[in-house]
Structures are given as C-alpha cells and as structure tokens.
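Some notes on the structure that comes next.
The values are calculated or read from the model by the stated rules, or taken from the named source; none is laboratory data. Owing to the predicted nature of the structure, the values given are computational and were not obtained by experimental measurement. When we count neighbours, we look across all protein chains shown, and the Cβ atoms used for this are built from the backbone with ideal geometry, even at glycine.
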Amino acid sequence: MAAHLLIHDEPELEEAISLARHHLELMRGGGGLKPPLAGQINRALDLPLPRAYKRIETLHYMLEYGQEEGHNVDLLDLAKLEFNLLQHVHLKELRNFSQWWKNIYGYVQLSYARDRAVESYLWSYVVFYEKDLVLSRMIFAKIFALLVTMDDTYDDYATIEESRKLNEAIQSGRYNLIPPYQTNVLMLAKVISCKLPIFLLDRWDESAISLLPEYTTKFYNTLLNNFKEFEAQVDFSGQYRVLRIKKEFQKLSAYYLQEAEWSHQNYKPSFKEHVALSTLSSSMPLLCAITTVGQDDVVTREAFELATQHNSAVLACGKILRFMNDIAAFKSGRKNKGDATSTVECYMNEHKVTGEEAIARIDSIIEDEWKTLNEVRCEHPQLLPAVQRVMNLAISVPFFYNKRSDSYTSSKYLHKIVECLFVTPIPI
Ligand SMILES: [Mg+2]
C-alpha cells in the first residue's frame, strides 16, 4: 500500500499497485480469510491506507490489535481510554457547534439551504482531529456551513438578478492601506512576506445590505458578524489570515456567480474550461486557506503561501473534490436548479462517450491528482505539518464521497461513524 505514495512517472509503482490489487482480490474471492486480515484487505481494496482517515483507522486497529497474540493489554487499554476521553471533548464541541448552527439556521430563515450541523463539524474534524486545535476546528466548521448556505442560494434559489446582487454585496468592502508607521506593520510584512504598502480588505461594507434581495439580508449580516468574531478570536498574525480567508470567500462567491451565469445563458463550456472554473468553485481554495488559522507555531510564511495560493497542491485537492462530487451527483441523478452541467456530462458531450466511460477517464485524472499531492509532500519536507493539513483535506473527500455517493448531503452512511467517533465509548 506504500506504493500509493507514488508520484508522476513511476510506472513500476503503478504496476505494483495493480499486482497487489489483483492478488488481494483473488484472496478475498477465494473466501476462507480470517479476521483481522479479512477486514484489513477489504478496507485496503476500498481505499488505500494513505487516503484513509486516521481516526477511523485507529478504531479498526485497536480492535485488530486486541486479536493479535501477545498484544500488550495495558497499552491497548490506555489507547482505548484516551479515545473515550477525547470523545467527551469532541461531543461537547459538537454540541456547541450544533447550537450555534441551530441559531443561525433559525435566524437566516433560508429553508432551502442544507441543514447539516453534524456533517459540517465532522468535515472539520477530519481535517483537524487534534484536541488542542479547537479554534481551527470551530472556525473551519462555521465557514463550511456558511459557504454551503451560499452555494445553495446560488444553485437552488436565487434568480440570476438576485445572484448578481448577492455577489455585488459580498464583493463590496473597504480596502485599507495599512500605513507603514502603524504598530507591528513591519512584523506583519515579515510574517506574510509582503512588500509595503499593504492593502487589506478591512471590513465588508455593511451599507451594501441595501443592494441585497430581502431574504438574503440576514445571511449577509450573519456572514459579517461571524467574520468579525473570527478576527477577534485569533492573535495578530491570525488576523491577517482571517482577512485572506475573507478574500477567498469573496472569490468563491464570484465563482458561484460565474457558474450561475453559464447556467443562465445555457452556455456549454469545454471540459477544460469547466474544470478550470469548477476546481475553484469546489471551495477547496477557501478550505485550504482556513487550514492556516489558529495554529501559528506550525504555519510559517512559506507554509501559509502554500495553503493560500492557487498552487498545484490546492488545485489538486480542488479537482479531487470537484470530480468526486460530480461523479456522485451524476450517479444519483441529483441536479439543482442552477447547477451548471457537471464535469461528467461535459466530458461525455465533448468526447461522445457513455457515462461509465467518462467516469473511468475522470477516475484516472483523480489518480493523477493524488500523485501531484504526493509530489508536493516530497518536495516540501520542511513544510510537512502544513502540507499534511492540506492532505487531510484531500483525505476528507473520499471520506465523504465513499462508494460514489455524497454523504455530506445524504448522510445515512455517516450515522454509524458519528456514533463511533463521538457517542459510543469503546468497551474496556
Ligand atoms: Mg454550486
């Protein structure tokens, strides 16, 4: 399974993967496999270990280790105890987050938007599972829930005129020139590798609320207030990061609008053109930027750049999310009112192939994107903590799109996982 850490142009490792897969499938097909090997082989065939979510693997491993002859009972009990203690911590966070979302959802009154508190928190937990990263986890989960509401507004509800107004309000803002004599500005320039003078989107323009369709005003207020809170919750260098996230949020709104415009004009982009826009509208550039918040000690200037610029790692994550989302949507036949044609349909039309053929081709593009991510990891060993956080985002995609379905939107498959992660203690 280590072969799955391959980069581009490593045909020997590709061969090793298909050979191993072939033999594992034969072993599985022959029956007679005993636990824990049977379970391990099933999981490895479903998802290669480097792409599996570690907290879930931990649960499997504790069970399997307990079946090994000569295992250390004390060690295992301690591991279980730690897991159970952490469940309490995260369940409490989840409760706080759910209460926050319940208030927001009730206040904004946008009943067409997906109401997904647990799923949003879970997505954040896949990216940040360490106990101490509570601030990062909460900010990520909150922005995630807010961006889904924005996505659903553009896709499901707003007319094209309303979409343009919403985007105009979100783009409005006051850019402040930070004067060089301002306290700490030289330090800030050093932290963010920026030449003076520095322009920052200081705040969204509250008067832009007058531009908005009536039903979105409360959402807009919520957005402004929450970003103000995020700024207040982080330290000095973190504030700049929140401002950059705000900028990415604005860009995401512009990408959503562009998709709405395409759909409105019945415009049929080429596959390449579609992927260029829909990689960005996958929200990954914004999500990658959020990974830098709340952990100032590991996010150096270089690490910050890696996560916040639209470079190969961020775009690879974006493509994996876009393609897996579109394959799931295609398989389920789900289509929102304003959804532009998906990448699957776009590929089918352009190459005159069936859905299955298009998916097979897109699957191989997804594999290429994993190679790109592995390459980034090899190229930046000194930035590993930050790169790993971006990798966690990539790992979150097969976690939520397991078996070609969208578990964020239809989360039945997640119920058991949520129970194991946050509710039911492991028996000791
Ligand atoms: Mg959308």
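Points worth noting:
- In the range 53-82, the residues that are over 23 Å from PHE128 (Cβ atoms) and at pLDDT 95 or above form Cβ pairs under 6 Å with partners that are aliphatic (A, V, I, L, M) and part of a loop (DSSP other than H, G, I, E, B), at six or more places apart or across chains, as follows: ASP77/ILE428.
- Of all residues in the range 154-168, those that are within 12 Å of the ligand (Cβ to nearest atom) and farther than 10 Å from SER253 by Cβ total 4.
Conditions (1) under 30 Å from HIS88 (Cβ atoms); (2) part of a loop (DSSP other than H, G, I, E, B); (3) at pLDDT below 80, marked per residue:
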{"position": "TYR105", "(1), (2), (3)": "yes, no, no"}
{"position": "ALA145", "(1), (2), (3)": "yes, no, no"}
{"position": "ASP151", "(1), (2), (3)": "no, no, no"}
{"position": "ASP155", "(1), (2), (3)": "no, no, no"}
{"position": "ARG164", "(1), (2), (3)": "no, no, no"}
{"position": "VAL191", "(1), (2), (3)": "no, no, yes"}
{"position": "LYS195", "(1), (2), (3)": "no, yes, yes"}
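- Any helices (runs of 4 or more DSSP H) falling wholly within the range 1-77 and containing at least 1 residues that are in contact with a Leu (Cβ under 7 Å, 6 or more places away or on another chain) and over 30 Å from CYS378 (Cβ atoms): 11-29, 54-65
- Within the range 239-267, the set of residues being in contact with an Asp or Glu (Cβ under 6 Å, 6 or more places away or on another chain) and touching a residue at least 24 places away in the same chain (Cβ under 8 Å) comprises just one member, VAL242.
The rows are residues; the columns are (1) within 18 Å of ILE417 (Cβ to Cβ); (2) in contact with a helix residue (DSSP H, G or I) (Cβ under 7 Å, 6 or more places away or on another chain); (3) buried (at least 16 other Cβ atoms within 10 Å of the Cβ).
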position	(1), (2), (3)
HIS23	no, no, no
MET27	no, yes, no
GLY30	no, no, no
PRO36	no, yes, yes
TYR53	yes, yes, yes
LEU63	yes, no, no
HIS71	no, yes, no
GLN87	yes, yes, yes
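- Residue in the range 337-349 that is more than 16 Å from the ligand (Cβ to nearest atom), buried (at least 20 other Cβ atoms within 10 Å of the Cβ) and without any contact (Cβ under 8 Å) to a residue 24 or more places away in the chain present: yes
- The range 279-304, residues that are more than 16 Å from the ligand (Cβ to nearest atom), closer than 15 Å to LEU243 by Cβ and not in a loop (DSSP other than H, G, I, E, B): ALA289, ILE290, PHE304
- A count restricted to the range 262-273 and to residues that are within 13 Å of the ligand (Cβ to nearest atom) and out of contact with any Gly (no Cβ under 6 Å at 6 or more places or on another chain) stands at 1.
- Considering the range 340-408, the qualifying helices (runs of 4 or more DSSP H), each wholly inside and each with 3 or more residues that are closer than 19 Å to ARG51 by Cα, run over 355-379, 384-400.
- Exactly one residue out of PRO381, PRO385 is under 29 Å from ALA3 (Cβ atoms) and without any contact (Cβ under 8 Å) to a residue 24 or more places away in the chain: that is PRO381.
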